[in-house]
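*Asks:* What follows is a single structure, and I will ask about it in a moment.
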Amino acid sequence: MLDRPLFNVSWILGRFCNYKCSYCWPYARTDNPDHQTLEVYKATVDEIKRQARANGFNQFHWSFSGGEPTAYKNLLDLTKHLDDGVSTPYQTVHMTTNLSPSLNWWRNWHNATCLLQRRSITASYHAEFAKEQEFGDKCLQLIHDLVHVTINQVMVPEHFFETLERCERFRKRGINVTLKPQSNDTATAVVDGYTPEMIKVMQDDFEQQEGFQIRLTMVLKIILLTKQNVLIHLGLISLPIGLVIVGIRVL
Ligand code: SF4
């Protein structure tokens, strides 16, 4: 994966989330469903591929996040649409999720993505809503289905050590866990309240995780918030929004 000419798409499907975590950033979630139609999303996938191929890229990494991406009712159909057979020799999919759908839903996601070359999930554990046993069971089911799973754990200072114990229990079940400091409302700084011991725990964990860093050839960030509010940003080269969004405008 490191040396492939990979076109990397980081896609915020919407801000709608079925959870309401007390530490969530104000801009990161909404109670109002804000997803586009499946036709718009499919057209966006097709247009991204068309333009990437025109620029010499025909291998793709798709990374979906939100809000909560699984709350989009057509996510499985959108995910299936990524697979266009031999036209694309290499595709991978990643999703950052609170893992709230049922085990059965995750089996369907597995079926929808099983022909892609690599699947990975960052499973964010939110203690105010998730149940430890069930959450771990879903992680293990995905791992059994050859999905790369990492639990992402925000270490809220007030619950630091009980959270750490739960992370150790997940690790004992064979699930990879990364610890993240809580950031402030604007995501510009880490919140107050960490002791030197807590900071050392997170630093040691971070150093262990550095080996997972991936160098990617090209990064496309795509945010579709509302039909009028579309932001496109290319990491290495800038393209006018219209070039990428032609499919959406037509619809
Ligand atoms: S699951 Fe994530 S997006 Fe949803 S409320 Fe919690 S922190 Fe925010």
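The values are calculated or read from the model by the stated rules, or taken from the named source; none is laboratory data. Owing to the predicted nature of the structure, the values given are computational and were not obtained by experimental measurement. Ideal geometry is used to build each Cβ from the backbone, glycine not excepted, and the neighbour counts take in all protein chains shown.
*Asks:* Is one or more of the residues making up region 33-43 more than 26 Å from V191 (Cβ to Cβ), surrounded by fewer than 21 Cβ atoms within 10 Å (Cβ to Cβ) and within 16 Å of the ligand (Cβ to nearest atom)?
*Replies:* Scanning region 33-43, I find at least one residue that is more than 26 Å from V191 (Cβ to Cβ), surrounded by fewer than 21 Cβ atoms within 10 Å (Cβ to Cβ) and within 16 Å of the ligand (Cβ to nearest atom), so the answer is yes.
*Asks:* Hey, does region 52-63 have a residue that's within 16 Å of S100 (Cα to Cα), within 15 Å of the chain's Cα centre (by Cα) and either more than 16 Å from the ligand (Cβ to nearest atom) or not in a helix (DSSP H, G or I) (or both)?
*Replies:* no
*Asks:* Now, a different point. Find the residue count for region 102-121, including only residues that are buried (at least 18 other Cβ atoms within 10 Å of the Cβ) and either basic (K, R) or within 13 Å of the ligand (Cβ to nearest atom) (or both).
*Replies:* Looking only at that region, the number is 1.
*Asks:* A further question on this structure: For L116, which of the numbered conditions (1) at pLDDT 95 or above; (2) in contact with an Asp or Glu (Cβ under 8 Å, 6 or more places away or on another chain) fails to hold?
*Replies:* Only one criterion is unmet by L116, namely (1).
*Asks:* Just need a number here: residues in region 138-160 that are more than 15 Å from the ligand (Cβ to nearest atom), hydrophobic (A, V, I, L, M, F, W, C) and in contact with a helix residue (DSSP H, G or I) (Cβ under 8 Å, 6 or more places away or on another chain).
*Replies:* Qualifying residue count, region 138-160: 5.
*Asks:* Okay, next question. Report whether or not L115 is without any contact (Cβ under 8 Å) to a residue 40 or more places away in the chain and out of contact with any helix residue (DSSP H, G or I) (no Cβ under 7 Å at 6 or more places or on another chain).
*Replies:* yes
*Asks:* Could you run through region 81-126 and say how many residues are closer than 30 Å to Y27 by Cβ and of a type in the set (D, E, K, R)?
*Replies:* Matching residues across region 81-126 total 1.
*Asks:* Under 6 Å between Cβ atoms, at least 6 apart or on separate chains: pull out the pairs that start in region 10-39 with a residue that is without any contact (Cβ under 8 Å) to a residue 40 or more places away in the chain and end on any residue that is near the ligand (Cβ under 7 Å from one of its atoms) and part of a loop (DSSP other than H, G, I, E, B).
*Replies:* Every condition considered, the pairs that remain are R29/C17; R29/G67.
*Asks:* Here's something else I'd like to know. Which ones in region 94-114 are in a helix (DSSP H, G or I) and under 20 Å from Q133 (Cβ atoms)?
*Replies:* Answer for region 94-114, where residues must be in a helix (DSSP H, G or I) and under 20 Å from Q133 (Cβ atoms): L103, N104, W105, W106, R107.
*Asks:* Of T97, T70, T30, which residue is surrounded by fewer than 21 Cβ atoms within 10 Å (Cβ to Cβ), within 15 Å of the ligand (Cβ to nearest atom) and β-branched (V, I, T)?
*Replies:* The match here is T30.
*Asks:* Anything in region 9-47 that is in contact with a Pro (Cβ under 9 Å, 6 or more places away or on another chain) and among the β-branched types (V, I, T)? List them, or say none.
*Replies:* I12, the sole residue that qualifies.
*Asks:* What number of residues in region 4-39 are assigned to a strand (DSSP E or B), of a type outside the set (A, V, I, L, M) and over 16 Å from S65 (Cα atoms)?
*Replies:* Residues meeting the conditions: 1.
*Asks:* Could I ask something else about it? Residue by residue through region 47-63, note down the ones that are in contact with a helix residue (DSSP H, G or I) (Cβ under 8 Å, 6 or more places away or on another chain), touching a residue at least 60 places away in the same chain (Cβ under 8 Å) and over 23 Å from R15 (Cα atoms).
*Replies:* Across region 47-63, the qualifying residue is only Q51.
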